[in-house]
Amino acid sequence: MRSSLGINPPKIPLRLLKWFCSPDLIEDVEGDISELFAQRSAKSKVKAKLLFTLDVLFLFRPGIIKNIQINKGSNQLDMISNYIKIAIRNALRYKGYTSINLLGLVVGITSSVLILLWVQDEVSIDKFHENGDQIYKVFRNMKQSNGLVSTTATNPKPLGDLLREEYSEINSVASVSWLMDMRFDWAEQSSEEAGRFASPEFLNMFSFPLLVGDKNTALDEINSVLISKTMAQKYFGDNWRDMALGEILKLDESIDVLVMGVFEDIGANSTLDFDWLIPAEGYYNANKWVEDWGNGSFHIYITIPEEAKVSIVGERMLSEIKDHTQGNPSAGDEESILQKFEDTYLYSNFVNGVISGGRIDYVRIMTVVAIFILLVACINFMNLTTARASRRSKEIGLRKVMGAGKKSLSTQFFFEAILMTTVAVALSVLAVTLLLPSFNVLVNKALSIDYTQFQTWIYIVGLTLTVGLLSGSYPAILLPTLNIIQSIKGGLKQPSFASYFRRGLVIFQFAISTLLILGTAVVYKQIDYVLNKDLGLDKENLVAITMEGDLASRLETYKTELLRLPEVKSVSAVSGNPISYGRSTSSANWEGKNPSDGYEVNVLISDEDFIKTAGMEMLVGRDFSAQLTDSTNFIINEVAAALMGFDDPLNKDLSFWGLNGKIVGVVKNFHMQNLYEPIAPLIITCYDPSGSPLLLVRIEDNTGAVLQSIEQITKELNPTFDFNYQFIDQAYAESYENEQTVSALANIFAVISILISCLGLFGLASYSAEQRSKEIGVRKVHGASVVQILLLLSKDYSKLILLSFILAIPVGYYVTQNWLNNFEFRTSLDPFVFLIAGVVTFGVGVLTVSLKSYHAATINPVSSLKEE
Amino acid sequence: MKTNYLGEFEELVLLTVAIVHDSAHGLTVKAEIEKQAGRNPLLSSVHKSLIRLEDKGYLKSYMGEATAERGGRQKRLYELTVDGKKVLNASRELRNSMWSSAPKVVWEGGKI
C-alpha cells in the first residue's frame, strides 16, 4: 500500500494532539485528521503539513480536550476539609486547653513581633543613603604612653584637605561639625536651633533631599544657610516654599546668612541630625585653630567607590597625622582608621582603638530573646498536644484501622498546628497593632507596621508557617507512631522517650525563663549601680546653665547676682559638663616627664569655686583660692597624679598651652565619662573662666521657685537669649537611656517568658492530675491528706524546674559576666542574684503546679472513682 | 417538545449525517457540507458538533474499519437516532408552519 510510505503527518502536532485530546475521541479524531492530511499531501506536502498543524491547534477546544484530572482517584481535598472539621471540633470541645494553647502562642508571637520590630528599626538606621555602602567615616586613635588608646571622630581639618587632594581612590570628602546650637533671627521670629557646619560635598554624599534649592551649589557660598522644613515653617509660615529662598537670617546676632535651600526634615532613622547646615568655610574662617594638624575638629566622611581600594586607603592614611605633626609641640602618637558609615551606629564602641560592639550587642540580645520567647511558646504547644494525645488515641487508632498511613496522620497534626497558629497570628496582629503605641513610648521610637505592603504579608505568612511547622513537628512525628491496638483500647501508653522528651522541653523552657530573669536582674543591678554610683561629685541639686551671648564675659556680675538668692549655695563657671567631658591636650609637660612620651590629658577650665560647687573632695593639697593668685596653678586628679608618677605631687611644675604653674592639690577621682570608660587623667585650671560655656549652680533644694529666680536674673542680664539649663543628675540618667530601655524591655519579656512557660506547665499539670485522678481517689480513700497528694503531684515538676535552674546557672553566669565586662565600672555578680532568679522561677512554677494539684487533691474521691 | 434547540450548524451537521448515511464520520461530513453548502468548516468544528449531538442523543456512533490513509486508525461512524430524526422533523415542521403563516404578499410583493 502506498499509504504507509507516503503518509507521515508531522510528529510534533500529532504528539500535541495525543497529549490534550480526550482518550475517547483520540482514535477517530486522529484518524480523520490523518486521512485529511493524506488527501492534502497529494497536492502539496508543505501545505498539508501546515494545515495539519493548524487543524491540531483548532482542535484544542473544550469538548475535545480531556478533563483535567489532577485529583483523579485521590481524596486529598476531602481529607483536608475533614482535618479542619476535626481540628475545630477538638478545639471547641476542650476549651480550656485550647485557650491555654492559644494564649501562649499569642503572647509569644506578639512579644517576638514587637521585639523584632524594634530590632529591625535599629538595624535600619543610617541605611537610607543611596551611596551608603561607599561612605566611610574617619576615626582618630590617640595612643597614650601607658598603652591605652582612645578613639575620637574629631579630626584635624588639614587631614580632610589632604585626603581630598592627594587620594585618587577617594571620590569625595565631606567635613561635618558636631551638633551646635545657633540663634537665628528673622523679623519677629527668633529661636535657637541645632545644626551643623558642613563642607559642600555633604549634600551630594548623603541623601538628604532638598525641597527648595540646588544641592550642587547650596553650600558653596560662605554666607549661606540651609534650613529644615520644620524650621522654614516656623520662620516663614505655610508659604515657606515661595518665601524662604533668598531671605536673610541673622546668625547669633552678628552675621547675616542667606537661605539657599530647605531640606526635608531629618527622620529618626538618621544619626546625622540637624535643623540647619552652614558651609564649613564660615566656621574655619572664624576659628583659625582648626588649621593646625594637632587639633581635632570636624568629623570627616569619605566615599570610596571601589571596595577593593578601602584597605589601600586605610593603610596609606594610617600615619598621615603623625607624619604631618612631627616637630609640632602638641603632636600625639595618632593613627587614622576607617569605619563604614552604615556601621557607625551599631558598632560604636572602641576598646583600645579597635571596634568592639556597641548597640549591636543589644540588637543581638533582643533578637535572641525574641527567638527564645517564640521557642518557649512553640514548646508549650508541642507539650500540650502530645500530652493530650491520649484524648485522641481512639481517633488516631480508628484512622489507622481505616487505612490512614503515618504520612496522612502527620499531615493531620501539622494541619492542626498551622490552623491553630493562623488563629494565633491573627490575634497577635491585632494585639501588636493595639500595643504598638504604648510600646513606642517605652522604647522611644516610632515603629509601625504597614499592612498595605506586600512584604508585611509575606512576613506574616512566613511567621505562621514557621511557628506552625515548628510546634506541629513533634506531635506529627510522635503521634502517628502509637500502637493501634493500644490506641483503640484506650489505655494508651506513650513510649517512654516521649515523656522524657516532654520533660526535657519543660526543662529547656524554664532554663530560658531563668536565664531571662537572671539577665534582667543583672542588667537592673548594673543600671542601679550606674545611676547611684558615687561619681566623685554631688550630682543632686546641681544645675548647669548654658551661658549664651556675652554672658560669660560678665561672669562676676552674674555670679554675684545669683549668689544673692538664698537658695543658691555656690556658683562656678566651667568649660563643660564635668560628668561628660572630653577636652584634652597631648602637650602637657611636668617635672620628670620623659620628653618622648605622649599622654592625652583632659583639661578642665574653671574658677576658684569649682571644687566646692561640684561637691568634690580634695585628697591632698588645697582648693583654688580667690585670695591667692591661682590662675597659673593647677589641681590634678588621682589618675593624673599616678600617671605623672609623683609620690608627692604638691608644688611640682606643670605646663601646657603655654601656661606654666605648680600643682597645688589633688582632687579625688570623679567620673568624667560614662562608666564604660576608665577615669582619665585630668588637670583643672582657673586661668580664664570667662570663656566658659557653662555655669554650675549648686542649689539648696530642687524646686521650681529657685529656677524661676535664676531664670529671671539670667534674662535681666541677657534679655535676648533663651534660658537653657539642665540638672546634672537628670542629664546623667538620660545618658543611660539606651541601657534603661533595654532593661525595661528585658524586664517585660522575662516576665512574659515565665508566663508562657507557666501556662504550659499549668496545662501539663492539669493533664497529669487528670491522668492520675483514680490514683488520687484511691489514695484519699486510704487516708492520704491533701498535703500529701499536693506533694505527690508537685514533686515531678518541681524537680524539673530545679534541674532547669542548675542548667541555667553556668550559661547565665557566662553571658551576664560578658555583658558586665563592657563596663569599666561594674557591679559584682553575687550569688544573691542567681538565688533571686532561681527562687522566682521555682516559686512561680511550683505555684502553678500546686494550683492545679490542689484542685485535684480536694476533689471528692467518689466523683473520680464512681465509674468503672 | 424538547427544550433542546438545534443550532444552525448543528442542524446542518445532522442533515449531512443523514445524507452520507452509512459512512458518516468527521471527514465525510466535512466534505459533504462543503459540497452541499459551499462552506468550508473546520474539522474541529465538525468533530465538536458531532460529539455534542451524540451527547444530546441525536446521534449514535460505532467504530468502523481502519484504513492505511488513516494511519491505521478506526473511523467513528455516526448515524441518526430516533430522537435525531424527530428533532430534524420538528425543526422542518416548525419552519414549514412559519413559512405558511407569513402572508403571501411578503413573498410576492405589492402594497399592503
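The values are calculated or read from the model by the stated rules, or taken from the named source; none is laboratory data. Please read all numbers here as calculations on a predicted model, not as lab measurements. Methodologically, a virtual Cβ is constructed for each residue, glycine included, from the backbone with ideal geometry; neighbour enumeration extends over all protein chains shown. The area values use the complete protein model at the heavy-atom level, side chains included, leaving out ligands, DNA and RNA. Shrake-Rupley method; radii C 1.70, N 1.55, O 1.52, S 1.80 Å.
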* Asked: What is the one condition in (1) facing chain A (nearest Cβ under 8 Å); (2) at pLDDT below 85 that B:His47 does not satisfy?
  -> (2)
* Structure fact -> So, first residue more than 7 Å from chain B (Cβ to nearest Cβ) in region A:22-37, second residue open to solvent by 10 Å² or more (accessible area, probe 1.4 Å) and charged (D, E, K, R), Cβ within less than 6 Å, six or more apart or across chains; the pairs are A:Ser22/A:Lys66
* Asked: A:Gln712: closer than 15 Å to A:Leu542 by Cα and modelled with pLDDT of 80 or more, yes or no?
  -> no
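Which of the residues that make up region B:65-95 are under 22 Å from B:Glu8 (Cβ atoms) and within 10 Å of chain A (Cβ to nearest Cβ)? Steps first, answer last, please.
If we filter region B:65-95 for residues that are under 22 Å from B:Glu8 (Cβ atoms), which is where we start, we get B:78-81, B:83-95.
Answer for region B:65-95, where residues must be under 22 Å from B:Glu8 (Cβ atoms) and within 10 Å of chain A (Cβ to nearest Cβ): just B:Tyr78.
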* **Count of region A:631-681 residues which are closer than 20 Å to A:Tyr581 by Cα and buried (at least 17 other Cβ atoms within 10 Å of the Cβ)** => 21
* helices (runs of 4 or more DSSP H) completely within region A:345-451 that count 1 or more residues being surrounded by fewer than 16 Cβ atoms within 10 Å (Cβ to Cβ) and under 35 Å from the mean Cα position of the chain (by Cα) -> A:359-387, A:406-443
* Asked: Hey, any hits in region A:169-183 for a residue that's part of a helix (DSSP H, G or I) and under 29 Å from the mean Cα position of the chain (by Cα)?
  -> no
* Asked: Does A:Arg622 satisfy the condition of being over 30 Å from A:Leu717 (Cβ atoms), surrounded by fewer than 17 Cβ atoms within 10 Å (Cβ to Cβ), touching a strand residue (DSSP E or B) at 6+ places or on another chain (Cβ under 9 Å) and not hydroxyl-bearing (Ser, Thr, Tyr)?
  -> yes
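Every residue, every condition in (1) in a helix (DSSP H, G or I); (2) surrounded by 10 or more Cβ atoms within 10 Å (Cβ to Cβ); (3) hydrophobic (A, V, I, L, M, F, W, C); (4) modelled with pLDDT of 75 or more, yes or no:
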| site | (1), (2), (3), (4) |
| --- | --- |
| A:Thr53 | yes, yes, no, yes |
| A:Val56 | yes, yes, yes, yes |
| A:Gln69 | no, no, no, no |
| A:Lys72 | no, no, no, no |
| A:Ile86 | yes, yes, yes, yes |
| A:Gly96 | yes, yes, no, yes |
| A:Gly104 | yes, yes, no, yes |
| A:Gly108 | yes, yes, no, yes |
* Do we find that A:Pro200 is open to solvent by 10 Å² or more (accessible area, probe 1.4 Å), within 30 Å of A:Leu162 (Cα to Cα) and within 37 Å of the chain's Cα centre (by Cα) in this structure? -> yes
* Residue, nearest to the chain's Cα centre (by Cα), within region A:38-51, restricted to residues that are more than 10 Å from chain B (Cβ to nearest Cβ), hydrophobic (A, V, I, L, M, F, W, C) and surrounded by 13 or more Cβ atoms within 10 Å (Cβ to Cβ) -> A:Leu50
* Do we have any residue at all in region B:9-23 that's at pLDDT below 85 and in contact with a helix residue (DSSP H, G or I) (Cβ under 8 Å, 6 or more places away or on another chain)? -> no
* Conditions (1) of a type in the set (A, V, I, L, M); (2) in contact with an Asp or Glu (Cβ under 9 Å, 6 or more places away or on another chain); (3) more than 10 Å from every other protein chain (Cβ to nearest Cβ); number of the one not met by B:Ile33 -> (2)
* Structure fact -> By my count, helices (runs of 4 or more DSSP H) wholly in region A:228-322 with at least 1 residues that are within 36 Å of the chain's Cα centre (by Cα) and surrounded by 14 or more Cβ atoms within 10 Å (Cβ to Cβ) are A:229-236, A:280-286, A:310-317
* Asked: Do the conditions hold for A:Leu682, that is, is it under 39 Å from the mean Cα position of the chain (by Cα) and within 15 Å of A:Ile611 (Cβ to Cβ)?
  -> yes
* Asked: Looking at A:Ile80, A:Ile115, A:Ile170, which is the one that is in contact (Cβ under 8 Å) with a residue 60 or more places away in the chain, open to solvent by less than 30 Å² (accessible area, probe 1.4 Å) and more than 30 Å from A:Leu745 (Cα to Cα)?
  -> A:Ile170
* Among the residues of region A:810-824, is any farther than 30 Å from A:Tyr347 by Cβ, without any contact (Cβ under 8 Å) to a residue 12 or more places away in the chain and out of contact with any Gly (no Cβ under 8 Å at 6 or more places or on another chain)? -> no
